[in-house]
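Novice: Would you mind keeping the following structure in view while I ask a few things?
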Amino acid sequence: MKQRYWEIPQGSWETEPDADPAIVAAGELREETGLIAETLTYIGHMFQAYGHSNQGFHVYMASGFTTDQQALDSEEEGLITKRISLDEFERMMIEGVIKDGITISSYGLARLKGLV
């Protein structure tokens, strides 16, 4: 299945499993989008599929951007970034264009906390 899907920037640093999650979040944002965030706001920690796995993830909201160049890994080659409005983002989730569970649950938690 060689398809691409819309999702928020996410990832891990397998070579640095004990890295500070905020540093990983800032690094993944820059690598995937070329954006450097002035501020990272911690939203929370969630599990990917608690009944199935104990793999969890931290969620941050970035703001105050400056731009740099993307630094994509080989498996991310061809990755496309696009700025969209909040209304379009919500429409894409409702219509099933955005299907990534981490993206949808992260947005939901941020919205419930009044951050978006």
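Novice: Check I36, I8, I23 and return the single one that is of a type in the set (V, I, T) and part of a strand (DSSP E or B). It would help to see each step written out before you state the result.
Specialist: Values: I8 fails: part of a strand (DSSP E or B); I23 fails: part of a strand (DSSP E or B).
So the residue among I36, I8, I23 that is of a type in the set (V, I, T) and part of a strand (DSSP E or B) is I36.
Novice: Do you know which of the residues in region 88-116 that are free of Cβ contacts under 8 Å to residues at least 60 places away in the same chain and under 22 Å from A49 (Cβ atoms) is surrounded by the most Cβ atoms within 10 Å (Cβ to Cβ)?
Specialist: Filtering first and then ranking leaves M93.
Novice: Looking at (1) small (G, A, S); (2) at pLDDT 95 or above; (3) at positive phi, which one does G34 not meet, given that it meets all the others?
Specialist: (2)
Novice: Considering only region 13-31, state which residues are farther than 18 Å from D68 by Cβ and surrounded by 15 or more Cβ atoms within 10 Å (Cβ to Cβ).
Specialist: P21
Novice: Name the single residue, out of those in region 50-70 being closer than 20 Å to D20 by Cα and touching a residue at least 24 places away in the same chain (Cβ under 8 Å), that is surrounded by the most Cβ atoms within 10 Å (Cβ to Cβ).
Specialist: The extreme case among them is Y60.
Novice: Suppose the filter is loosely packed, with under 15 Cβ neighbours inside 10 Å, out of contact with any Ser or Thr (no Cβ under 9 Å at 6 or more places or on another chain) and in a strand (DSSP E or B); does H45 pass it?
Specialist: In short, yes.
The values are calculated or read from the model by the stated rules, or taken from the named source; none is laboratory data. From a predicted model like this one, the values you see are computed outputs, not experimental measurements. When we count neighbours, we look across all protein chains shown, and the Cβ atoms used for this are built from the backbone with ideal geometry, even at glycine.
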